[in-house]
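I have placed the structure first, in the form of structure tokens, so that the comments after it can refer back to it.
The values are calculated or read from the model by the stated rules, or taken from the named source; none is laboratory data. Please read these numbers as outputs of a predicted model, since none were measured by experiment. Counting neighbours? That spans all protein chains shown, and the Cβs are built from the backbone with ideal geometry, glycine included. Ligands, DNA and RNA are stripped out before the accessible areas are found, and what is left, the full protein with its side chains, is counted by its heavy atoms. Shrake-Rupley method; radii C 1.70, N 1.55, O 1.52, S 1.80 Å.
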Amino acid sequence: MRNTAKLTTAVLAAGALTFALSACGSDKGSSSASSDYSGPLVVAASPTPHAEILNFVKKNLAKKAGLDLEVKEFTDYVTPNTATEDGSVGANYFQNQPYLDDFNKKNGTHIVPVVTVHLEPLGLYSHKVKSADALKSGATVAVPNDSVNEARALKLLAANGLITLKSGVGNEATPADITKNPKKLKFKELEAAQTPRSLDDVDAAVINGNYAISSGLKPAKDALVLESATNNPYGNFLAVKKGNEKDPRVKKLAKLLTSPEVKKFIEDKYAGSVIPSF
């Protein structure tokens, strides 16, 4: 973590400008990727656990595999994809398939998954009650405000009997799709990274696993309710711009990220709060 490269505001601004210019100057629907596979593979990642896992690979496995790996941390869920699309980075590691599908559709990007590495179960947390059943009538629950993670949060609450959602609702569910709300819960929609900070201001919050861990929470221990890992579609993966799947550096990293060494690292470090998907 301490050795991970940090992006400056100037670099972010330049990356955003490059993305805008390339979007305007390219042919509609173009998904061509760079064929220059020289130099280090730069990977955009959320600080926890993604950058931690990548830095384990960098420190312990990459040199022997002949991989020059550089890790850049981002704290949001947008820039890693726009930077991958415009070539500022060669790959990213932070997201799941429903989120990527939604992002590509809304932004006209061409990001594709390479290999699934782990699952971070979504959880409900509180500083005010010890169980979900103890939430009082009219309690306020913070949920992520991006469409996929909000739907995921609502489905977690529904799976645990706190609300009922409209039959067949998918990854675009919102509070408007709630058909039964016996506790009359109120929902506060926040940017996903802000949900842990809201715990002193709301009765409970649904928090993504990476933000829970980076805030000092232990999902396997502290969550009032936690997403099941069984048949879970929200595994996090290494992703690239379409066409760069054949990059030999990406292939090396994909192999290392699904190695026995990484599996043991995840299991030992996160103790069930992050679950290997391979």
Fill in: Accessible surface of the chain [probe 1.4 Å, protein heavy atoms]: carbon and sulfur percent
51
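Ignoring the sites themselves, what is the longest stretch of the chain with no GluC sites (Glu not before Pro) in a DSSP loop and at most 14 other beta-carbon atoms within 10 Å? Numbers along the way, then the final one.
Numbers: sites that count: E172, E191.
Here the longest segment lacking exposed loop sites spans 1-171.
Expressed as a rounded percentage, what relative contact order does the chain have, with Cα pairs under 8 Å and six or more residues apart?
Details: 504 pairs, mean separation 75.9, N = 278.
Reported relative contact order: 27 percent.
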Fill in: Gaussian network model of the chain, springs between alpha carbon atoms under 10 Å - residue of S126, S214, S137 with greatest fluctuation
S137
Worksheet entry | Charge dipole of region 28-143 about the Cα centre (unit charges at C-beta), most positive-ward option of G66, S88, S137 | S137
Worksheet item: Size of the dipole of region 102-256 about the Cα centre, Lys and Arg at +1 and Asp and Glu at -1 on the beta carbon, nothing else charged, in debye to 20?
Response: 340
Worksheet item: Using all Cα-Cα distances in region 141-202, what percent lands in each 5 angstrom bin from 0 up to the longest?
Response: 4, 20, 31, 25, 16, 4, 1
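Accessible area per residue of the chain at 1.4 Å probe, in Å²? List each step's numbers first, then the result.
Details: 13260 Å² over 278 residues.
It amounts to 48 Å² per residue over the chain.
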Worksheet entry | Chain lengthening between K188 and K106 when straightened (0.36 nm per residue, less Cα-Cα) | 27.2 nm
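Restricting to bridges with both residues inside region 114-218, how much of the DSSP beta-bridge set is antiparallel, in percent to the nearest 5? Write down the numbers at each step before the final one.
Details: 5 of 12 bridges.
Taking every DSSP beta bridge with both residues in region 114-218, the antiparallel ones total about 40 percent.
Out of all Cα-Cα pairs in the chain, roughly what percent, to the nearest whole number, are more than 33 Å apart?
Working: 9209 of 38503 pairs.
Value for the chain (Cα pairs over 33 Å): 24 percent.
Pull up the DSSP beta bridges for the chain and report the antiparallel fraction as a percent, rounded to 5. Let's see the in-between values first.
Details: 18 of 35 bridges.
Expressed as a percentage, antiparallel bridges in the chain total about 50.
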Discussion item. Please compute one quarter of the surface area of the Cα convex hull for region 106-178 and express it in square nanometres.
Written reply: 6.9
Practice prompt. Please report, in debye to the nearest 20, how large the charge dipole of region 85-151 is about its Cα centre when each Lys and Arg carries +1 at its beta carbon and each Asp and Glu carries -1 there.
Written response: 380
Item to complete: Between the alpha-carbon centers of region 207-276 and region 144-198, tell me the distance in whole angstrom.
Response: 23
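Using r as the Cβ-Cβ distance of N181 and S215, and R0 as 30 Å, what FRET efficiency do you calculate, to the nearest 0.05?
Values: r = 27 Å, r/R0 = 0.91.
Computed FRET efficiency for N181 and S215: 0.65.
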Worksheet entry | Listed residues D268, D101, D36, most fluctuating in the chain (Gaussian network, C-alpha, under 10 Å) | D36
Practice prompt. Starting from the amide H of L190, placed 1.01 Å from N in the peptide plane, find each other amide H under 5 Å away whose residue is 5 or more places distant or on another chain.
Written response: V143, N145
Fill in: Separation in nanometres of the label points that stand 7 Å from Cα toward Cβ, at R197 and K264
3.9
Response to the item:
With Cα coordinates, the longest principal axis of the chain makes an angle with the long axis of helix 260-270, in degrees rounded to 10, of 40
Fill in: Whole-Hz ³J(HN,Hα) from phi, Karplus 6.51 cos²θ - 1.76 cosθ + 1.60, for region 70-75, glycine and proline x
10, 10, 10, 8, 10, 9
Worksheet item: Among residues other than G161 whose Cβ falls under 13 Å from its Cβ, what is the net charge (Lys/Arg +1, Asp/Glu -1)?
Response: +2
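Give the calculated FRET efficiency between K242 and K128 to the nearest 0.05, with a Förster radius of 30 Å applied to their Cβ-Cβ distance. Intermediate results must be reported in sequence, preceding the final value.
On the way: r = 46 Å, r/R0 = 1.52.
Efficiency at R0 = 30 Å is approximately 0.05.
Using the Cα centre as the reference, give the magnitude of the dipole from point charges on the C-beta atoms of the chain (Lys, Arg: +1; Asp, Glu: -1; all else neutral), rounded to the nearest 20 debye.
Details: 34 positive and 29 negative charges, 114 e Å.
Charge dipole of the chain: 540 debye, to the nearest 20.
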Worksheet item: Using Cα atoms only, what is the angle between the long axis of helix 147-159 and the major principal axis of the chain, expressed in degrees (0 to 90) to the nearest 10?
Response: 40
Worksheet item: Can you list the aspartates and glutamates whose alpha carbon is less than 13 Å from that of K128, not counting same-chain residues fewer than 8 positions off?
Response: D200, D201, D203, D222
Fill in: Kirkwood-based shape ratio for region 120-278, expressed as Rg/Rh from alpha carbons
1.02
Fill in: Furthest towards positive pole of dipole, V250, S277, L41, structure part the chain, Cβ charges
S277
